[in-house]
Amino acid sequence: MSALDILDGCAAELARDTGPAIAPARPVLRERGQREVFCGLTGIIWLHRKMQDAFFLVVGSRTCAHLLQSAAGVMIFAEPRFATAIMEERDLAGMVDAQDELDRVVNRLLERRPDIRTLFLVGSCPSEVIKLDLAKAAQRLGAVHMPRVRILNYSGSGIETTFTQGEDACLSALVPVMPALAADAPKELLIVGSLPDIVEDQFLRLFAEMGIAKVGCLPARNARDLPSVGPGTRYLLAQPFLGETAMALEGRGAQRIEALFPFGVDGTSDWLRAAGEAFGIDRDLTEQVIAPGRARAARALANLRPQLEGKRITFLPDSQLEVPLARFLQDELGMELVEVGTPYLHRAHLARELDRFGPNVRLSEGQHLDRQLDRVRADRPDITVCGLGLANPLEGEGLTTKWAIELVFSPIHGFDQAADLAELFARPLRRRDMLEI
Amino acid sequence: MQLAVWTYEGPPHVGAMRVATAMEKLHYVLHAPQGDTYADLLFTMIERRGKRPPVTYTTFEARDLGKDTAQIFQDAAREAVARFKPQAIIVGASCTAELIQDDPAGLSEAMGLPCPVIPLELPSYQRKENWGAAETFYQIVRTLADKSVVREPREGRPARVNILGPTALGFRHRDDLVEIRKILALLGVEVNLVAPLGATPEDITRIGQADFNIVLYPEIADEAARWLEKTFDQPAVRTVPIGVGATRSFIADVAELAGADPTPALGDTSSRMPWWSRSVDSTYLTSKRVFIFGDATHAVAAARIAREELGFEVCGLGCYSREFAREVRAEAARCGIEPLITDDHLAVEDAIAAAAPELVLGTQMERHIAKRLGIPCAVISAPVHVQDFPARHSPQMGFEGANVIFDTWVHPLVMGLEEHLLTMFREDFEFSDEAGASHHAAHSPRKASVQAVSEAPVEDIPAPAMADDDGTLWTVEAERELKKIPFFVRGKARRNTENFAAAEGRRQIDLETLYDAKAHYAR
Ligand code: SF4
């Protein structure tokens, strides 16, 4: 009997997926209840480092400011390129015009930070609930500060976005201001999703060796230096959480190159090969270019495989990276997937990933925290991937964990990071075995 | 709207969480969106708790707005009560839920839950974390205290006391409590209950049985203590025993209310701080200039210790909590300085840079500031990072707390004889500014960004002289001489010289001015 059958309220919610992308349909456990995830504001913590000329101004409450500082924690010592305009009673009670207040705050900020070239006004739950129109504000302020500063807006609110969806919302806001690629221009490649600079450079080198001449990145390191987009654009998603951005790009004529996500040997190879094919690159050349990286990654993974093989893993919903990472751990390291939870399942983008899952993998979408923890306790996986709020409590119950947030903050894509990625899972297990206290 | 990068305090519902997490068998149903669950990590990561905070978040979404957010709240409350079987629950709204006005109080009342429900009104757009903690604790006490208790007559039994204030995520609350219990044991005073830390709602019902209260952390317990004073006629000890002097007064106050002999507690032989401070090695501490910032209680206590127990000179004092600013103002007056009452860390940074202290005592924010400015620092107050929740016993209160404080504050400073060696052999290549105090390589001061001029290699300084902010001019020669002064007193030397030059009306600071100023300030 599986854990599902014995747990109250779980079996009933198994629904047959009828999405067109997956055939045959795989059952998905859909749950609603308490969700233990960050909101989209959290994306600011890596986005503000990635886009070096951009500043993120959250229009929110003291809670939003506190979230950013707690999630950023000890990671940031320098003065960050983000801040919160904390709304106060006066703003809500209509004693002052919130739009005027925003003008005042933005003007002061831009005065103090002349290095800012792009300013994102980021909506939060409170600003959404009181319907503070940040698009209007961005337009008005943009008219004043362009061309020195471009002002854009998106919402990272917790009532609309979950953790990495904040990046999706931010990148979608950039799409309309990308320059147009002429309709008759030759095909160009676009890598979509923020990657650590070192990984981005590795990919750019590989594409250059393959002979793909024009390759752009979204986000660009310099937000005022965006790549072009148009019908000639073929884009590769580097991250699995970019549904809105993909739609916006398609709206401008770009076409997605379908591929696995670039995690591990298989994922990275598939991703690079798919690009090669889309650009009509000679297959032998592609293989020749990726061979050294493939071999290096395979060698490095072989060292880690004995530590992870046969180990059972559960993912709690967090970053939407769960599905491709689970595929990597299953296929390349021989781990057994117990439950793969994700806050949101983008069926089309993940179709190829899901095809790889074994038949017994429990796939869940959304969350009912307490029930899910009951399942973890019943399953007793060797390792559970979860958010920061849950890691120590689960360890306290004797369950080994891996904090999911590290997966978003570390370089894990591509051949040369495949072993680093595996190591993130191997280390907690090794540590558990090392400690004799 | 207020522009903030870092904040000293979270929103008021985080204060409520600190109370709920400290207590046992109490549950908090918080109407809030999913992102607000970040607050769990404050307790599980920063404080390293091995248990989830007892909080159920309703995590409503945009699509629920205007439809069934009230239903979601009721479902969450019902499930939480069924699953966790608390003795009582507190219910409330975070900033977002406050705007949608679902009225968690009314909703939960209508549900007829099988346990007491304590509704919280915590205005998120006006108040902050400490206020939220105080209000939550007050509401819990007010709702649950059994008002019919009659205290037994005092004769023939030990005095009984409530210890009020310790919470989760408090700065050294766990260890302070151990010290307070030790003192009470020496005085023969019984502890009726400690709250919030470790108390159940049932424990709170018998809060009226104590003869008096100890308000350990006024920021959290003062409100409740005032109500208890009125309702149960329980006087309160309000002396916060941080520092040797304050610990002695605290013992005297408790002994008086308990009708006990203070001698056994006053004679505690583990009090080493007074001798450590009098021993000759400590001479070099004399008049070290220290800048203090934190919550009011800890800042005031630190200022007293600095002045009276270590012989420092307090050159800056402030707090981020307006509620208790009065105490800080009074203490600042005793130090002869202007208090700094602000929750804007940039203002604090400016004040520290201007004061150029030799030691900063503050929160994690001041630690970052001090690090940037290359000034030694010790942490004395919340908010703090994970490294300020040590595994070892490390109290601030009582005589042991004073011992700990001596060690913690003196450690970041350059030690006595080393100071002389640094002065005498300035040219020794190993005595570079970056080397810092020899006993902590990892924490050695770095170049200060605000002092870019003085810290830059002399060669980089444009000839013939740099105009300072206030228009005084340092000659290259004087600037180079200043470099030879050890880093930990250079800020002071620069400031003194500039003040002296300004007072004398000298437009240029040359070698002559530098040494004239040195003579002027000689003590
Ligand atoms: S969930 Fe909403 S209110 Fe909470 S931190 Fe995120 S945006 Fe701010």
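Values as computed for the structure displayed
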item: Those chymotrypsin sites (Phe, Trp or Tyr not before Pro) in segment B:12-101 that DSSP places in a loop and that have at most 16 other beta carbons within 10 Å; result: none
item: Beta bridge orientation in chain B: antiparallel %, DSSP, nearest 5; result: 10 percent
item: C-alpha center-to-center spacing [segment A:165-222, segment B:279-330] in angstrom; result: 54 Å
item: Cut-off under 5 Å, modelled amide H: who pairs with B:Ile118 long-range; result: B:Ile89, B:Ile90, B:Val91
item: Whole-number accessible area per residue in Å² for chain A, which is evaluated in the context of all protein chains at 1.4 Å; result: 37 Å²
item: Whole-number percent relative contact order across segment B:160-266, with pairs defined as alpha carbons under 8 Å at least 6 apart; result: 30 percent
item: Relative contact order (%) - criterion: Cα under 8 Å, at least six apart; region: chain A; result: 17 percent
item: Under the Karplus curve 6.51 cos²θ - 1.76 cosθ + 1.60, θ = phi - 60°, whole-Hz ³J(HN,Hα) for segment B:87-99, x wherever Gly or Pro sits; result: 6, 7, 10, 10, 10, x, 10, 8, 4, 6, 5, 4, 6
item: Pairwise FRET efficiency - A:Arg108 versus A:Asn222, Cβ, R0 = 41 Å, nearest 0.05; result: 0.95
item: Distance between modelled label sites at B:Ser249 and A:Glu397, nm, 7 Å Cα→Cβ extension; result: 4.9 nm
item: Exercise: per-residue mean of other protein chain Cβ atoms within 10 Å, B:52-60; result: 4
item: Residue-by-residue Karplus 3J(HN,Hα) for segment B:25-35, coefficients 6.51, -1.76, 1.60, Hz, glycine and proline x; result: 6, 10, 10, 10, 9, 10, 7, 6, x, 4, x
item: Expected 222 nm ellipticity per residue - DSSP helices of 4 or more, -39500 (n - 2.57), all of chain A, to 500; result: -13500 deg cm²/dmol
item: Computed E for B:Glu338/B:Glu229 - FRET, C-beta separation, R0 22 angstrom, nearest 0.05; result: 0.05
item: Computed lengthening from B:Thr143 to B:Val191, 0.36 nm per intervening residue step minus Cα-Cα distance; result: 15.1 nm
item: Computed FRET value (nearest 0.05) for A:Glu250 with A:Leu204, which takes r as the C-beta separation and R₀ as 30 Å; result: 0.80
item: Averaged over A:384-397, number of beta-carbon atoms from partner chains that fall within 10 Å; result: 5
item: Peptide-level mean, for A:122-130, of C-beta atoms on other protein chains within 10 Å; result: 5
item: Label-point gap, in nm, between A:Arg427 and B:Leu65 - each point 7 angstrom along Cα→Cβ; result: 4.0 nm
item: Total accessible area lost when A and B pair, probe 1.4 Å, Å² to nearest 100; result: 5300 Å²
item: Protein accessible area in the protein assembly as shown, 1.4 Å probe - carbon and sulfur %; result: 51 percent
item: Debye intensity ratio in log₁₀ form over the Cα atoms of the protein assembly as shown, taken at each q of 0.11 Å⁻¹; result: -1.44
item: Amide N of segment B:120-137 lying under 11 Å from the label point, which is placed 7 angstrom from the Cα of A:Met95 along Cα→Cβ; result: B:126
item: Estimated vicinal HN-Hα couplings, Hz - segment B:398-412 in sequence order (Karplus 6.51, -1.76, 1.60; Gly, Pro = x); result: x, 5, 5, x, 5, 4, 4, 4, 4, 4, 5, 7, 7, 3, x
item: Fraction of antiparallel bridges per DSSP, the protein assembly as shown only, in percent to nearest 5; result: 10 percent
item: Residue-averaged 222 nm ellipticity for chain B, from DSSP H runs of 4+ at -39500 (n - 2.57), nearest 500; result: -12500 deg cm²/dmol
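The values are calculated or read from the model by the stated rules, or taken from the named source; none is laboratory data. Computed from a predicted structure; not experimentally measured. Virtual Cβ from ideal backbone geometry, glycine too; neighbours counted across all protein chains shown. Note: areas computed on protein heavy atoms with side chains; ligands, DNA, RNA excluded. Shrake-Rupley method; radii C 1.70, N 1.55, O 1.52, S 1.80 Å.
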